[in-house]
Amino acid sequence: AARQNQTGPAGAPTPTKRHRAMARQRQTGSYTWTQVKSVQNLIERCLSQYMTQAEVIATLQVQADVDPALTCLVWSKLEEANPDFFLSYDVRLKLKDQIVAFNYLVEQQTRLLQKLTLALPQQGLMD
């Protein structure tokens, strides 16, 4: 049989058992080892893409429905266990930002030079 969506007042969806269980965990701050390891793996995947902590928290919340408090907890434990890694990771994030800014400036310079190149020959023909 097809599962029907249950709705509450004004058509709002009623919470599923899973969502109620997650809400209880959020209130009590208790998480299973499996949840912690899963979030750790997700964080590590995000780190390989050079995401900031804020980007990781937002991404896991939106894409995997992970409680931001759990992400912050796992992140802080990873930082405690791997301080050297996170120091170098922060340097890599700053370098990434500088590369992005540099590439933007190169793109702007290229556009300006193209405009200048197009304008110069036309002026030469009229003189």
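Derivation of every value follows stated rules applied to the coordinates shown; laboratory data play no part. What you are looking at is a predicted structure, and each value in this text was computed from that prediction instead of being measured. Quick reminder, even Gly has a Cβ in these numbers, built from the backbone with ideal geometry, and neighbours come from all protein chains shown.
Loop-resident chymotrypsin sites (Phe, Trp or Tyr not before Pro) (DSSP state other than H, G, I, E or B) in the range 38-127 with no more than 14 further Cβ atoms inside 10 Å of their Cβ: Tyr50. Compared with the direct C-alpha span, the chain from Lys37 to Lys94 gains 17.7 nm at full extension, assuming 0.36 nm per residue. When restricted to Cα atoms, the range 48-93 yields an Rg and a Dmax of 10.9, 29 Å, respectively. The alpha-carbon of Lys115 sits under 17 angstrom from the alpha-carbons of these aspartates and glutamates, leaving out residues fewer than 8 places away in its chain: Glu107. Calculated on the Cα set of the range 34-126, radius of gyration then Dmax: 21.6, 75 Å.
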